[in-house]
Each structure stands twice: as structure tokens, then as C-alpha cells.
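Report on one structure; see the data block that follows.
The values are calculated or read from the model by the stated rules, or taken from the named source; none is laboratory data. All values reported here derive from a predicted model rather than from experimental measurement. Cβ placement follows ideal geometry from the backbone for every residue including glycine, while neighbour counts extend to all protein chains displayed.
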Amino acid sequence: MSSVTLGILGGGQLGSMLSSAAKKLNIKTIIFSDDLNSPAQNFCNEFIFAQYDDKNKIYEFSKKVDVITYEFENIPFNTLYELNKLKTVLPKPSINRLIQHRLAEKDFINKLNIRTTRYVLIKNKEELQPLDDFLPGILKTTTMGYDGKGQYPINNLNEIDSLNIDFKKEYILEKKIKLKKEISVIVTRFNNNKYEIYEPIENTHKDQILERSKIPAQINKDLFNQSKEWAVRISEELKYIGTLCVEFFIDKNDNLYVNEIAPRVHNSGHLTINAFNISQFENHIRAVCSLEQIPLKKKFNAEMINLIGDQIIPYRQNYNFKDNQFFFDYLKKEIKEKRKMGHLTTLK
Ligand code: ADP
Ligand code: MG
């Protein structure tokens, strides 16, 4: 029996799935979240509800755990920094800080000679004027964006006034590419050149929210190899410990671009729970808790669909799932539009 207790910052469905994976490995989990209705409280051993800047609660949390990780990236850096003085935080806080900021993240990727879309920092409306060259483009907040939040597609400069953009925030303007496909590569890094890597996953988005993920991705061998190589290069360069996801774009000419890095387990990897011997969640726990690294084996091809908003309702009522179908209900108290409520994985 292991006597390790893992602290997890964040209490969404990724926290739930991390807690379930930890339980299988006899690791206790304590979830810390600022949301009283966190779904992960149904899956962890202990739940602490407090604000992320509540120094007393953060201290109390640190006393109870051996190692700390997080399930979403928008945690105040100072919280991670302070916690890291008390107990090890993995992946290390400096990685989170880099990736939290879209500009720093993209600069970092380009320094590794890895392609991204073209982008430019925008601090005020005037700076947009001479940038015809980046249009059609997408204006994205440099921090705190997810699921397309904080993004404004811009086709031409005349539109800018009608978009009511809040210029108190900083943005990057990204040139839109002609997307053929989106894929993601999930890597769990244990140590220098020690990692487990999942094959590329093909993703479909709707309204900038992930709708479907499947393996195998329908891509050529070069893209298959290049995406994996870039994901490994990124994780090695960051000296990352744990599971990380790199999101890619493929354009009409089969050029590969890194879109963004998620310093955590990822929605596109939910299918790893049923399709592999070790899921992205279990691998994350193994890496951050210094457990044994087990060679990854795919058992099945698979497809996952996200159940968003009231799409979950018929699934909650249907108990006749086939043997190859796995339904996950995140047990969120309230159904909301655009909220991820659950998912269904079908093995092929
Ligand atoms: P988030 O941080 O909200 O996930 P992303 O930058 O990943 O934001 O954008 C969400 C989705 O919007 C992408 O998965 C893609 O479908 C689309 N998108 C974003 N940027 C571009 C771009 N430069 N060109 C084409 N499509 C894009
Ligand atoms: Mg994204």
C-alpha cells in the first residue's frame, strides 16, 4: 500500500478523472477548489473549498499532502509559487507561468524552431490598424482564455468597432489558417528522455469547443511522426514532469503548426481511459508521484464525443449502452449551455 497523498488544485472533471486514477494506485487525493459545486468532490478523498489566494487554507492544504499538481492552467501563479516552497508542485510553476501567457507560449515554441501561426501582440485599438496582413485573423486574450472564450474573429478592419473589444486586456492577433484538421499529442514525461507518448488524436471542434476525438487520426506518416517529435521536444525543453498535451493545426497543404500547449491532462485524451493499458490520468499520477513507468500499449481504436449542455439528458436516461460504449457523467449540479457535462467513448 502506498501512503502518498496527492493534492490537486482545481475540481472540474479532469480532477475527478485524476482522483479515480489515483484511487486505483492507492493514492489519496485532496482537491482544492474555489467552486463549492466542484464535481471532483464526488471522486476525491477530501475536498477543500477556498479561494486560490486564501493563504491560511493554502497552508492547511500543503500540510496534508505530499506532492501537488493541478488540473487547469489558470491558477494564480503566486499560489503555485508559494505552495512550491512548502511541497513539490509538478509540473513546476514556472512552466505554468510560461504557458498561461499566449505570447510567451508562442515565443517559446518558435524558439524551438517549431512552427506556429503568425501572431502579433496588440495592446490597443490603434495597433490593429496597420495589420491587414494578419487578416482574416483571431484576436485572443493573452491570458485566461479557454474553449474559445476571450476570442474575436476579425475578417476586416471595419468590423473592429462593432466587436466591443475590451482593450483593458492584452491580446494577440493570430492569422487564421485554412484548417484541414486538428490533432493533439499527449505525452507523459517521467524524467530526462523518459516518457510515454500516445499516438496523435484527431479532434473536431464546434463553436471553438472540442466535440469529438478519435484514434487513429487520419493523417500521413510525416505528420504522425513530426507531431510526436515536436511534442517530445517541447516536453524535454520544459523539463516537464507529468502529462502534457500539444494541440496542432494542419492546413490544406499539410503544413503542421503547434496551436497551444496544455500543461495538464486534456479533454482529447479521455479516450485513453478505455483505449490504452494506462490512461493519461494514471500516467500523470505515476509521473508526479514518482511511481513506476509502464510501457504504453494501445488496446483499441476509439472515438469520444463530448456531451455538452443538454446533450447529456438522453444519455442519462439510456441504460442500454453497448459493450464497447463507456458513458461518463461528470455529475455537475446544473446543466448549462456550452458546459461539458459528460462524454461517451466508443471502442472500435
Ligand atoms: P482555446 O485556448 O480557447 O482552446 P484555441 O487557440 O485553441 O483557444 O482556439 C480554439 C479553436 O479555434 C481551435 O481549436 C481552432 O478550431 C480555432 N482556431 C484558433 N486559432 C485559429 C487560427 N489561427 N486559424 C484557424 N483556426 C483557429
Ligand atoms: Mg485550444
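Structure notes:
- Total residues in the range 268-296, condition touching a residue at least 60 places away in the same chain (Cβ under 8 Å), over 19 Å from ILE241 (Cα atoms) and not hydroxyl-bearing (Ser, Thr, Tyr): 6
- Within the range 168-183, considering residues that are within 16 Å of ligand 2 (Cβ to nearest atom) and within 22 Å of ILE219 (Cβ to Cβ), the one surrounded by the fewest Cβ atoms within 10 Å (Cβ to Cβ): LEU179
- Considering SER213, SER184, the condition of being within 11 Å of ligand 1 (Cβ to nearest atom), within 28 Å of ARG286 (Cα to Cα) and of a type in the set (Gly, Ala, Ser) is satisfied by SER184 alone.
- Residue satisfying all of: in the range 223-238; farther than 23 Å from HIS205 by Cα and in contact (Cβ under 8 Å) with a residue 24 or more places away in the chain; surrounded by the fewest Cβ atoms within 10 Å (Cβ to Cβ) among these: GLU237
- As a summary of the residue check, LYS297 satisfies the conditions (1) over 21 Å from PHE72 (Cβ atoms); (2) within 16 Å of ligand 1 (Cβ to nearest atom); (3) of a type in the set (D, E, K, R) except for the one numbered (2).
- Some residue of the range 274-290 being modelled with pLDDT of 95 or more, of a type in the set (Asp, Glu), away from ligand 2 (no atom under 16 Å from the Cβ) and crowded, with 22+ Cβ neighbours inside 10 Å: yes
- Counting only helices (runs of 4 or more DSSP H) that sit completely within the range 268-320, those holding 3 or more residues that are closer than 18 Å to THR346 by Cα correspond to 272-275, 312-317.
- Filtered residues of the range 174-191 (kept if under 30 Å from ILE278 (Cβ atoms) and either part of a loop (DSSP other than H, G, I, E, B) or more than 15 Å from the chain's Cα centre (by Cα) (or both)): LYS181, ARG189, PHE190, ASN191
- Residues within the range 306-330 that are in contact (Cβ under 8 Å) with a residue 60 or more places away in the chain and not aromatic (Phe, Trp, Tyr), tallied: 2
- Answer from ILE186, ILE250, ILE201, ILE241 - the residue that is away from ligand 2 (no atom under 16 Å from the Cβ), within 26 Å of LEU271 (Cβ to Cβ) and crowded, with 21+ Cβ neighbours inside 10 Å: ILE241
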